[in-house]
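Single-structure report; data block below.
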Amino acid sequence: DTAVSQTPKYLVTQMGNDKSIKCEQNLGHDTMYWYKQDSKKFLKIMFSYNNKELIINETVPNRFSPKSPDKAHLNLHINSLELGDSAVYFCASSQEGFTGELFFGEGSRLTVL
Amino acid sequence: AQSVTQLDSHVSVSEGTPVLLRCNYSSSYSPSLFWYVQHPNKGLQLLLKYTSAATLVKGINGFEAEFKKSETSFHLTKPSAHMSDAAEYFCVTQGTGRRALTFGSGTRLQVQP
């Protein structure tokens, strides 16, 4: 069983479209995250949810909207996609108390044409 | 704010020789520091973490790192490289008061046969 799973793994779409990436974790963790990795491999936090409550919201365009229906799921919806949104998006989770150990999914590679 | 700087973007070693990946940190107090590894097309995995209990930290797969306050360094080492060690390595620190990690720019480790 995959601990943190993301779908889809690959996503190719046109500028202006709206797309979603889904994430599920079966570790029983209470905190989930979205990170963006750009073409230079630089990783940056986008959002974090703790028990369905948004606790971190970095400077991300409001075209990006996270949604957490329950503590095991954190989805990312992106409106009006732009070329600069092309990246690998990683979902991660961590347990209560935050020891610094994040469990990452395998990433969703988004390509905007 | 805490930050980390990885001094080499790319390191190449021969199989069986030692590995040294360099990381310097910037913090006004005792930081939490981590090393994560990312194998090609995979998510990130925690290698080891420093949380002030001991300056020499042992991790998985034979890796270790030494926290040196006088040098503000947290270099990652391994006595003997294996082909399977080829990956991207990230030095990471924890954002102040937040359940989020701040990643360095990454070091790509190449292992030659």
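FYI, it's all coordinate maths here, none of it is from the lab. Being a predicted model, the structure only gives us computed values, none of them experimental. Ideal geometry is used to build each Cβ from the backbone, glycine not excepted, and the neighbour counts take in all protein chains shown.
From a point 7 Å beyond the Cα of B:Glu71 in the direction of its Cβ, which residues of segment B:29-60 have a backbone N at a distance under 16 Å? Backbone N within reach: B:55-57. Counting Cβ atoms of other protein chains within 10 Å of each Cβ in B:42-52 and taking the mean gives 4. When only the Cβ of Lys, Arg, Asp and Glu is charged (+1, +1, -1, -1), the dipole of chain B relative to its Cα centre reaches about 360 debye. Scoring A:2-11, A:53-62 by mean Cβ neighbours within 10 Å over their residues and listing the highest first yields A:2-11, A:53-62.
Return the average number of partner chain Cβ atoms within 10 angstrom of each residue Cβ along peptide A:43-49.
Working: counts 11, 3, 7, 1, 1, 3, 1.
Taking the mean over all residues of the peptide, I get 4.
Fraction of C-alpha pairs exceeding 20 angstrom in chain A: 34 percent, rounded to a whole number.
Place +1 on the Cβ of every Lys and Arg and -1 on the Cβ of every Asp and Glu in the protein assembly as shown, take the dipole about the Cα centre, and give the residue among A:Thr2, B:Thr17, B:Ser52 whose Cα lies farthest towards its positive end. Comparing the listed Cα positions along the dipole, B:Ser52 ranks first.
Among the residues of A:52-60, the average count of other protein chain beta-carbon atoms within 10 Å of the residue beta-carbon is 1.
Each 10 Å bin, from zero up to the one with the longest distance, holds this percent of the alpha carbon pairs of segment B:7-66: 17, 49, 29, 4. Checking the cross-link pairs A:Lys44/B:Lys68; A:Lys44/A:Lys67; A:Lys41/B:Lys42 against a 21 Å limit on the alpha carbon distance flags A:Lys44/B:Lys68 as lying beyond it. Springs between Cα atoms under 10 Å define the GNM used for chain B, and in it the highest mean-square fluctuation of B:Ser12, B:Ser26, B:Ser70 occurs at B:Ser70. Note on segment B:3-112: Kirkwood radius taken over Cα pairs, Stokes-Einstein applied at 25 °C and 0.890 mPa s, translational D equal to 176 µm² s⁻¹.
Per-residue 3J(HN,Hα) values for segment A:14-27, derived from phi via the Karplus relation 6.51 cos²θ - 1.76 cosθ + 1.60 with θ = phi - 60°, read 8, 3, x, 6, 10, 9, 10, 10, 10, 9, 9, 10, 10, 8 Hz in sequence order (x marks Gly and Pro). Note on A:Glu58 and A:Ser20: with the Förster distance fixed at 25 Å, the Cβ-Cβ geometry gives a FRET efficiency of about 0.80.
With charges set only on the Cβ (+1 for Lys and Arg, -1 for Asp and Glu), what does the dipole of the protein assembly as shown come to about its Cα centre, in debye to the nearest 20?
Working: 22 positive and 20 negative charges, 48 e Å.
Using only the charged Cβ atoms, the result is roughly 220 debye.
In order along segment B:60-75, phi translates into HN-Hα couplings of 7, 6, x, 7, 8, 9, 10, 7, 10, 5, 5, 10, 6, 10, 8, 6 Hz, rounded to whole numbers, per the Karplus curve 6.51 cos²θ - 1.76 cosθ + 1.60 with θ = phi - 60° and x for Gly and Pro.
Residues of segment B:54-81 with backbone nitrogen within less than 11 Å of a virtual label 7 Å along the Cα-to-Cβ line of A:Glu101, please, listed as ranges. Within reach of a label on A:Glu101, which here means backbone N under 11 Å from a point 7 Å along Cα→Cβ, segment B:54-81 contributes B:60. In the protein assembly as shown, the convex hull through the Cα atoms has an average projected area of 12.6 nm², a quarter of its surface area. Annotation: aspartates and glutamates with alpha-carbon distance below 16 angstrom to A:Lys22 (same-chain offsets under eight excluded): A:Asp70, A:Glu106.
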